[in-house]
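Below is one structure, written out as structure tokens; comments come after it.
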Amino acid sequence: MIVVSKFLAAVPCHRMSSRSFRLRGVQLPLCARCMGILLGYLALPLFLLYRTEYEYKIGLLLCLPLLIDGFTQKWGWRTSSNMLRMVTGLMFGVGQCIVIAASVAILIRVLS
Ligand SMILES: [Zn+2]
């Protein structure tokens, strides 16, 4: 548990209370968006196991909602919600995993 808390403390996150979920009244250690991204990263072993090159574009597409949500909020066009931050973060994390796995597949093909 100490290792996990040290790991989470090292994640660069603003940890704003208004943008974080609470569990039994206690604020979670990361904001909703970062929590979603980290949960998405848990899928990496799955994609490395079943890596294929054609999924590369799907991975990039899954990253777009977070960028749209984040930048439209930053530019003051709209206000996001913690649930939307979490979902787009999860999609972004999974998308990054797919891009990494596809990149590994391409590297293996090119180098072998
Ligand atoms: Zn964060």
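Any chance you could check the Cα centroid distance between region 72-112 and region 23-51 for me, in angstrom?
12 Å
Given H placed on each backbone N at 1.01 Å, which residues far from Ser20 in sequence or on other chains put an amide H within less than 5 Å of it?
Ala32
Placing +1 at every Lys and Arg Cβ and -1 at every Asp and Glu Cβ, with all other atoms neutral, what dipole size does the chain have around its Cα centre, in debye to the nearest 20?
For the chain, the charge dipole is close to 400 debye.
Indicate the helices, whole DSSP H runs only, in the chain that combine a mean Kyte-Doolittle hydropathy of 1.0 or more with a Cα extent along their long axis of 18 angstrom or more.
82-111
Counting only heavy atoms of protein chains, what accessible area per residue, in Å², does the chain have with a probe of 1.4 Å?
Dividing the accessible area of the chain by its residue count gives 67 Å².
Once you keep just the Cα pairs under 8 angstrom separated by 6 or more residues, what percentage relative contact order results for the chain?
35 percent
Between Val87, Val3, Leu23, whose Cα lies farthest towards the positive end of the dipole of the chain when Lys and Arg beta carbons carry +1 and Asp and Glu beta carbons carry -1, centred on the Cα centre?
The Cα lying farthest towards the positive end belongs to Leu23.
Could you look at the chain and say what percent of its accessible area is carbon and sulfur, using a 1.4 Å probe and all protein chains? All intermediate terms of the calculation are to be shown ahead of the outcome.
Values: 5490 of 7460 Å².
Carbon-and-sulfur percentage of accessible area, whole number: 74.
The values are calculated or read from the model by the stated rules, or taken from the named source; none is laboratory data. Small disclaimer: the values here were computed from a predicted structure and weren't measured. So basically every Cβ, Gly included, is an ideal-geometry build from the backbone, and we count neighbours across all protein chains shown. What goes into the accessible areas is simple: the full protein's heavy atoms, side chains included, and nothing from ligands, DNA or RNA. Shrake-Rupley method; radii C 1.70, N 1.55, O 1.52, S 1.80 Å.
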